[in-house]
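**Student:** Can you read through this structure? Questions will come right after.
The values are calculated or read from the model by the stated rules, or taken from the named source; none is laboratory data. None of these values were measured; they are calculated from a predicted model. Cβ placement follows ideal geometry from the backbone for every residue including glycine, while neighbour counts extend to all protein chains displayed. To get the accessible areas, we keep the full protein, side chains included, count just its heavy atoms, and leave off ligands, DNA and RNA. Shrake-Rupley method; radii C 1.70, N 1.55, O 1.52, S 1.80 Å.
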Amino acid sequence: MDPERLRWTFTWQVIWLGHVLGAALAWWLLPGGFPWGHPRYWTNRVLPLVVLAVAAAGLWGVWRRHHRAYLSAAVFVVAMATAAVVAGSILFPTSARRFLPPALVITVMLWVSCLAACRGQRLSCWPVVTALAAGVLIGAMVPVAERAPATDTRPLGNSLAWPEVAPIAGATPLRIPVGRSASLTPLSGEAEVHIGRMTISVRPLLEFESVSPDRCWTIFTPPSYRPDGRLRLVGTRSDVEGWYHFQSSFVEHLLHVEPAAGDAGMRVEAFSRLERPIFSHLNSFCELTVFGHRRISLSFSPCEGDRIEPLPVDYPAGRPARFAYVDADDDFHVVEARSGEKGPFRTLARGRFGAGPLWVTIYDQQRAVCRLRIDDWAPQAGRQLSPTAGWGVPVNTLEFSRLGESAAAPVWIWMSLSSTSVGRGWDSVGHNAGVYRNRLSIEPVAEAE
């Protein structure tokens, strides 16, 4: 073998060793537990094995001087990369502004290496032609499998009449009292209620943190398409007092806060309107923060006999996250991750959800303090499998954790109708266009009054 060809075969040995390492890491790190008919079963479990087999065949061909073997493997890798770049650019025209330049550089380098290694070799043999066809087919299908699935959230519908709103007249107060125990901060859309020594802060508006303009991974979203994170108070509902009109990136909101029965708690009703489907990685349907306790545990109405303590969580690995979800059969699960928020997941509690609202009881040192009634999270939540979580976990989540080592540290409760916050990756999933409602009440339990 002449020195020039020897140099390029050495280059391909390095490339294939890189593919072996990458395929092994992908098989180990990417989430599993998908049914065989799901696209992520093929990309996360089958494709790494295919790449591993092709790279092994290429290495074997070089070491045994079997030209057809290593040329076929090289042609497969180049064809797969080229087809993936072309298909990805077509499917994700906006996100391609971020991933296309480095992808083109890598693809051109592969082409140069392949043509140099193939120089003087007959490429019409059936193994090479088969590798070319297989590489094109598999490479073209990878971006299709990575594209966000169709939306399956369940808004109230587009037919809900949006009331007339009036511009804000005069200066907006920083805080508005709501009864004797609650208040509203109009500039942030955040409500707060005091129950005994405990304080619960609520952000009840549907907000998006990272979005995709074309259903690609949000890590490739150009900066001009990212939400600015601001919530703007722009008016009030003109026909009913106490309703506030907000706008944020992609969403229009209405919010109302009133005292609960007996003026010892708080009721919140919020509407969020999406004019078009939104695909995102992270978003919030409702977010609560609990302060002033000594040691909190939670129970959920579908499995009320089980009390679960929120614990600190590490990211991206370490102490496991705890969260709940509703699956496609309307079973409610409370689970714990293996490490960070990564699966597989261990079941802590489980029960049948049924048709009613979700009740969450907050205990402080084993004493029930208050109950949260959450009416609209489960009925509107998406049920399709999360592409980043795997192991049967859907896109809806109710996450809870303690924000510090001390048992008295604040506790964070976060709900999403459709997100990929759990698991590995920046995949986007969708919210349908329409109007979403969030009704939430927080009231003391009788024994805590």
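**Student:** Pick out, from Asn438, Phe323, Val50, the residue whose Cα sits farthest towards the positive end of the charge dipole of the chain, with +1 on the Cβ of Lys and Arg and -1 on the Cβ of Asp and Glu.
**Tutor:** Val50
**Student:** Computed on alpha carbon atoms, what radius of gyration and Dmax characterise segment 241-336, expressed in Å?
**Tutor:** Looking at segment 241-336, its Cα Rg and Dmax stand at 17.5, 48 Å.
**Student:** By how many degrees, 0 to 90 and rounded to 10, does the Cα axis of helix 126-146 deviate from the longest principal axis of the chain?
**Tutor:** Taking the Cα atoms of the chain, the angle to 126-146 is about 10 degrees.
**Student:** Please work out the C-alpha center-to-center distance from segment 65-82 to segment 268-330 and express it in whole Å.
**Tutor:** 48
**Student:** Still on this structure: How far, in degrees from 0 to 90, does helix 47-63 lean away from the longest principal axis of the Cα atoms of the chain, to the nearest 10?
**Tutor:** Roughly 20 degrees, rounded to the nearest 10.
**Student:** When a/c is below 1.5 the answer is rounded, else prolate if a/b is larger than b/c, else oblate, so apply that to segment 60-107 with a ≥ b ≥ c taken from the square roots of the Cα gyration tensor eigenvalues.
**Tutor:** Details: a/c = 6.04, a/b = 3.18, b/c = 1.90.
Prolate is the answer for segment 60-107, as a/c is 1.5 or above and a/b outweighs b/c.
**Student:** Summing +1 for each Lys or Arg and -1 for each Asp or Glu, what net charge is found among the other residues whose Cβ lies under 13 Å from the Cβ of Asp331? Mind showing how you got there, number by number?
**Tutor:** Values: positive: Arg350, Arg352, Arg383; negative: Asp327, Asp329, Asp330.
Spelling it out: positives minus negatives among the neighbours equals 0.
**Student:** Moving to a separate point now. Along each principal axis of its Cα atoms, how long is segment 61-193 end to end? Whole angstroms, biggest number first, please.
**Tutor:** Rounded to whole Å, the extents work out to 85, 31, 27 Å.
**Student:** I'd like to know which of Val429, Leu417, Val395 lies farthest towards the positive end of the charge dipole of segment 370-449, counting +1 on Cβ of Lys and Arg and -1 on Cβ of Asp and Glu.
**Tutor:** It is Val429.
**Student:** Would you mind checking the tilt of helix 67-91 against the longest principal axis of the Cα atoms of the chain, expressed as 0 to 90 degrees and rounded to 10?
**Tutor:** That works out to roughly 40 degrees.
**Student:** Would you mind calculating the gained length between Gln366 and Leu187 on full extension (0.36 nm times residue separation, minus the Cα-Cα distance), in nm to one decimal? Before the final figure, lay out each step's value.
**Tutor:** Values: separation 179, 0.36 × 179 = 64.44 nm, distance 3.60 nm.
So the chain would gain 60.8 nm between Gln366 and Leu187.
**Student:** Starting from the residue with the highest accessible area, list Tyr315, Tyr41 in decreasing order, probe 1.4 Å.
**Tutor:** Working: Tyr315 175, Tyr41 75 Å².
Solvent-accessible surface, decreasing: Tyr315, Tyr41.
**Student:** Using only the alpha-carbon atoms of segment 1-118 as identical scatterers, what base-10 log of I(q)/I(0) does the Debye formula give at q = 0.15, 0.22 Å⁻¹?
**Tutor:** For segment 1-118 at q = 0.15, 0.22 Å⁻¹, log10 I(q)/I(0) is -0.75, -1.24.
**Student:** By how many nm would the segment from Thr172 to Thr347 grow when fully extended, if each residue of separation counts as 0.36 nm and the alpha-carbon distance is taken off?
**Tutor:** Working: separation 175, 0.36 × 175 = 63.00 nm, distance 4.67 nm.
Between Thr172 and Thr347, full extension yields an extra 58.3 nm.
**Student:** Ignoring ligands, DNA and RNA, how do Arg371, Arg64 rank by accessible area with a 1.4 Å probe, largest first?
**Tutor:** Working: Arg371 75, Arg64 160 Å².
Result, largest first: Arg64, Arg371.
**Student:** Please compute the modelled spin-label separation between Trp28 and Tyr225, points set 7 Å along Cα→Cβ, answer in nm with one decimal.
**Tutor:** 3.3
**Student:** Quick one: work out Rg over Rh on the C-alpha atoms of segment 178-273, Rh as Kirkwood radius. Show your work: numbers first, answer last.
**Tutor:** Details: Rg = 16.1 Å, Rh = 14.9 Å.
Rg/Rh for segment 178-273 comes to 1.08.
**Student:** Right, another one. Checking the a/c ratio against 1.5 first, then a/b against b/c, what shape does the Cα gyration tensor give for segment 343-429? If you can, show how the numbers build up before the last one.
**Tutor:** On the way: a/c = 2.01, a/b = 1.33, b/c = 1.51.
Taking the square roots of the gyration eigenvalues as a ≥ b ≥ c, segment 343-429 is oblate.
**Student:** Right, another one. Can you tell me which of 24-36, 193-205 comes out highest on packing, and rank the rest after it, using the mean Cβ neighbours within 10 Å?
**Tutor:** 193-205, 24-36
**Student:** Let me ask something additional. Can you tell me the FRET efficiency between Cys125 and Leu21 if r is taken as the Cβ-Cβ distance and R0 is 30 Å, rounded to the nearest 0.05? Don't skip to the answer; put the middle values down first.
**Tutor:** Values: r = 29 Å, r/R0 = 0.97.
It comes out at approximately 0.55.
**Student:** Separate question: Only residues of segment 255-299 count here: report those whose backbone N is under 17 Å from the spot 7 Å along Cα→Cβ of Trp162, or say none.
**Tutor:** 255-256, 270-278
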